[in-house]
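The structure that follows is given in the form of structure tokens.
No lab work stands behind these numbers, since they all come straight from the coordinates. None of these values were measured; they are calculated from a predicted model. With ideal geometry, Cβ positions are generated from the backbone for all residues, glycine too; neighbour counts draw on all protein chains shown.
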Amino acid sequence: MSTTDRAIVVRGLTKRYGKQLAVDHLSFEVEHGEIFGLIGPDGAGKTTLFHMLTTLTTPDEGTASILGKDILKDIRAIRSSVGYMPGRFSLYQDLSARENLQFFAALFRTTVEENYDLVAPIYSQIEKFQDRKAGHLSGGMKQKLALSCALIHRPSMLFLDEPTTGVDAVSRGEFWEMLQRLKEQGITILVSTPYMDEASLCDRIALYNKGRILGIDTPEGFRRGYDAPLYAVSAERMYELLNVTRGMPGVRECYTAGSVHHLVGTADFRPEEYSEALAARGFSDLVIRPIEADVEDVFIKLMHNDPLQ
Amino acid sequence: MKRKRGIFIAFVKKEFWHLLRDSRTLLVALLIPVVLMILFGFTINTELNNVRVGFVIPHPSESIRRMTEKFSGNPYFTSVGQIPPTRIDEILRRGVADAVIVFPEDFDRRLSAARQGLPAEPLAQLVMDASNPNTAIQGAAYLQGVILGDVAVSPEVRLLFNPQMKSAFYFVPGIMGMLFLIICAMLTSVAIVREKERGSMEVLLVSPVRPLVIIFAKMIPYFFLSCVNLATILLLSRYVLKVPLTAGIVSILGVSLLYIALSLAVGLFISTVTHRQVTALTISAMGLIMPSVMLSGMLFPIENLPRILQYLSCVIPARWFIDAMRKLMIEGLRFTLILDDFLILLGMTVALIALALLRFNDKID
């Protein structure tokens, strides 16, 4: 395996809880300096995977290496060199923002001053409130503080487990901008998220469900590889539209996506025939237009194609 | 090395912040010893005070007068005066008196006979309110002592070490035994488990710090807190409850510090077997503090327990600590004479730390 030049190499990683397979013979690789997104719904096994990669949980089978270090043998080396931000806000609520940052710096045998330049773009946004108890910060500020704490020892690899869950849209946007800046500093980032719209901000993504990877590609590659006819349909009576459409010939799939339904057709799907059939059933206000697939469409398609899902 | 010490200091600092900012817990932890000492020292009193005595005197005489005067002059008794024999029952029932002494008609004759060592007839009849059996037995013994005090042949009983049978002396070691378990075992285990429950343990583990450093740093503030409590208890004992503390203070401190270490080890062990604060609390309260109160000899003498519970009490650290502290504080024994207690406590400490280290998991599952 000439794979030491990869930031992360995962080979057949498996974790069971009882009979339940949380992570199922997983294999993938992450390049140095990329933002690699793990996209999947809650309960897909993302956190278990993070725990194994950060050496917090021992896998039942398989192996993985982080920056060339084995997750089974080089536990201490990995723990010293990566930054990890768990899904739950896990800083000390009764310590001020500054005290939290100082503590985590000391934990990694460094000081806030030594690495301030790295966290400055993020930390400067909460500096006004740095004497406030972490428990009293807003959701977005907590998350910036947690990222600062995970970065303060200048790790070359960052693990971010659902960093934007429960954070408002503006803060989410700012957060992803910060990740881009960190990437420019050469830091490799493995980030998980249940939000499909964040997927397009990653360099490469793995679509992940039930402990298995459905596909790995760039967001653009996934979109281009989508080969079925895809339409957005809408009408006054949306719920009935969904039920009726699902029973129509030539319709492989129909699901809600925001304010419209996405309709996946088979190769012989004719939108004009569909419109006429719908009009005959009382949907005279039907609007149908072809659209480009987004990551969510890819995810749903892959999920339905996968026999084990 | 220097940086390693830096990590430890940073950790200890953080733990002190946690403790000092949780002002409610801190206040409770500092007040518990004071409250317990005052409660047990003053209000819960098994010693007998103010026994009210009535007298039935069919034939007043000089010796009977002298005898009754002895009671009114004794701080433990209050005389309620003479009462008619027909009303004994009623007076006891109404709680006017706790005891009635019925002098026989020929009291003078019986008394002189007893003084000459002749086969004794009862000198007087004691009628006691025995609704509280302990008080009744103790009171009867007191009264007997006073009546027989005159008589040469009476057996002499001398109570050693705690002649006034002050219950405070007896309770102070018990309070210490319980308190250090609460502070060290319960608070420490909860503090460690809190990090697991809140998820911060995950972040701490993914760092260069050895997990044991995390744990030992957590213990330091609670160790300090316990030392403050130890000082409070000893000062209150000495200057408020007037416990003699006759043995060397060094021995008392030594045994106490060992017991504090043992309690910390118990807390550490509990934290290695639980993941939830609630569980840690329940284990501490039900599995630790309750048995320590019931089976350590704090409230009930171990000799009075059923045989099986006596065996069970051997594994309860507080039993050995209380035993040692009573010997040191009240009997004033030298350290060498409590060596067995000390070694048992030491053995338990070492065993628990070893067990906790074996069980300690630097993973999260």
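Can you give the calculated 222 nm mean residue ellipticity of the protein assembly as shown, where each DSSP H run of n ≥ 4 adds -39,500 (n - 2.57) and the sum is split over every residue, rounded to the nearest 500 deg cm²/dmol?
On the way: 26 runs with 314 residues, N = 674.
Helix contribution divided over all residues of the protein assembly as shown: -14500 deg cm²/dmol.
Treating only the Cβ atoms of Lys and Arg (+1) and Asp and Glu (-1) as charged, compute the dipole magnitude of the protein assembly as shown about its Cα centre; round to the nearest 20 debye. Show your work: numbers first, answer last.
Details: 69 positive and 67 negative charges, 489 e Å.
Approximately 2340 debye in magnitude.
Still on this structure, I have one more. Summing +1 for each Lys or Arg and -1 for each Asp or Glu, what net charge is found among the other residues whose Cβ lies under 10 Å from the Cβ of B:Ser271?
+3
Can you work out the FRET efficiency for the pair B:Arg94 and B:Leu257, with r the C-beta to C-beta distance and R0 = 30 Å, to the nearest 0.05?
0.05
Can you compute the modelled spin-label distance between B:Thr25 and A:Asp131, with each label point 7 Å from Cα toward Cβ, in nm?
2.6 nm
Calculate the dipole size of chain B relative to its Cα centre from +1 charges on Lys and Arg beta carbons and -1 charges on Asp and Glu beta carbons; express the result in debye to the nearest 20.
1800 debye
Could I have the simple spin-label model distance between A:Arg281 and A:Met248, label points 7 Å from Cα toward Cβ, reported in nm to one decimal?
Computed distance between label sites A:Arg281 and A:Met248 equals 0.8 nm.
Let me ask something else. Excluding residues fewer than 8 places away in the same chain, name every one of the lysines whose C-alpha is closer than 17 Å to that of A:Lys144.
Partners within reach: A:Lys128, A:Lys133, A:Lys183.
Kirkwood Rh over Cα pairs of chain B into Stokes-Einstein at 25 °C, 0.890 mPa s: D in µm²/s?
For the chosen part, D equals 102 µm²/s.
Additional query: Mind checking which of B:Leu118, B:Tyr142, B:Phe55 is farthest towards the positive end of the stretch B:51-148's charge dipole, using Cβ charges of +1 (Lys, Arg) and -1 (Asp, Glu) about the Cα centre?
B:Tyr142
Hey, another quick one. Longer than 21 Å from Cα to Cα, which of A:Lys15/B:Lys218; B:Lys13/B:Lys363; A:Lys46/B:Lys14; B:Lys196/B:Lys363; A:Lys15/B:Lys363 are they? Say none if no pair is.
Over 21 Å Cα-Cα: A:Lys15/B:Lys218; B:Lys13/B:Lys363; A:Lys46/B:Lys14.
Sticking with this structure for a sec: Which of the three applies to chain A, rounded, prolate or oblate, going by the alpha-carbon gyration tensor with a ≥ b ≥ c and a/c under 1.5 meaning rounded?
Since a/c reaches 1.5 and a/b is larger than b/c, the shape of chain A is classed as prolate.
For the stretch A:8-222, calculate the relative contact order in percent as a whole number, restricting contacts to Cα pairs under 8 Å that are 6 or more residues apart. Mind showing how you got there, number by number?
On the way: 407 pairs, mean separation 65.2, N = 215.
Worked out over the stretch A:8-222, it gives 30 percent.
OK, next. So if R0 is 35 Å, what FRET efficiency would B:Ala351 and B:Gln138 give, r being the distance between their Cβ atoms, rounded to the nearest 0.05?
0.30
Just to check, using Stokes-Einstein with a Kirkwood Rh over alpha carbon pairs, what's the diffusion coefficient of the stretch B:291-337 at 25 °C and 0.890 mPa s in µm²/s?
224 µm²/s
Starting at 0 and stepping by 10 Å, how many percent of the alpha carbon pairs of the stretch A:80-119 end up in each bin?
26, 57, 17
Average partner chain C-beta neighbours within 10 Å, per residue of B:270-282? Walk me through the numbers before you get to the answer.
Values: counts 0, 0, 0, 0, 0, 0, 0, 0, 0, 0, 0, 0, 0.
Shielding by partners across B:270-282 averages 0.
Rounded, prolate or oblate, given the Cα gyration tensor of the stretch B:243-317, with a/c below 1.5 counting as rounded?
oblate
Also, quick follow-up: For the stretch B:51-148, what relative contact order do you get, as a whole percent, if you take Cα pairs closer than 8 Å and at least 6 residues apart?
30 percent
Between B:Phe16 and A:Thr63, with labels modelled 7 Å along Cα→Cβ, what's the label distance in nm to one decimal, could you check?
Roughly 4.6 nm, to one decimal.
Give the angle, between 0 and 90 degrees and rounded to the nearest 10, that separates the Cα long axis of helix A:139-151 from the longest principal axis of the Cα atoms of chain A.
Once rounded, one gets 50 degrees.
Further question on the same structure: Using alpha-carbon pairs under 8 Å, 6+ residues apart, how would you state the relative contact order of chain B in percent? It would help to have the intermediate numbers written out before the result.
Working: 448 pairs, mean separation 68.2, N = 365.
It rounds to 19 percent for chain B.
Now, a different point. Looking at the square roots a ≥ b ≥ c of the eigenvalues of the Cα gyration tensor of the stretch A:227-292, which shape do they give, rounded for a/c under 1.5, prolate if a/b is larger than b/c, or oblate?
Oblate is the answer for the stretch A:227-292, as a/c is 1.5 or above yet b/c matches or exceeds a/b.
Cut-off 10 angstrom, C-alpha nodes, Gaussian network model of chain A. Which of A:Lys210, A:Lys73, A:Lys183 fluctuates the most?
Result for chain A, Cα springs under 10 Å: A:Lys73 fluctuates most.
Find the centroid of the Cα atoms in the stretch A:97-119 and in the stretch A:205-257, then give the distance between the two in whole Å.
A separation of 45 Å, based on Cα centres.
Let me ask something additional. In degrees, nearest 10, range 0 to 90: what is the angle between the Cα axis of helix B:133-148 and the longest Cα principal axis of chain B?
Between the helix axis and the principal axis of chain B, the angle is about 50 degrees.
In addition: If you take each beta carbon of peptide A:102-108 and count the beta carbons of other chains within 10 angstrom, what is the mean? Before the final figure, lay out the partial values.
On the way: counts 3, 6, 4, 1, 10, 13, 5.
Per-residue shielding by partner chains comes out at 6.
May I pose another question? Just how large is the dipole of the stretch B:51-148 about the Cα centre, in debye to the nearest 20, putting +1 at every Lys and Arg Cβ and -1 at every Asp and Glu Cβ?
Dipole magnitude for the stretch B:51-148 comes out near 160 debye.
I would also like to ask the following. Nearest 10 degrees is fine. How inclined is helix B:2-21 to the longest principal axis of chain B, computing both from alpha carbons?
Around 50 degrees separate the two axes.
Once R0 is set to 41 Å, what does the formula 1/(1 + (r/R0)^6) return for the Cβ-Cβ distance between B:Asn50 and B:Thr86, expressed as a FRET efficiency to the nearest 0.05? Please report the intermediate quantities before stating the final value.
Details: r = 26 Å, r/R0 = 0.63.
After rounding, the FRET efficiency stands at 0.95.
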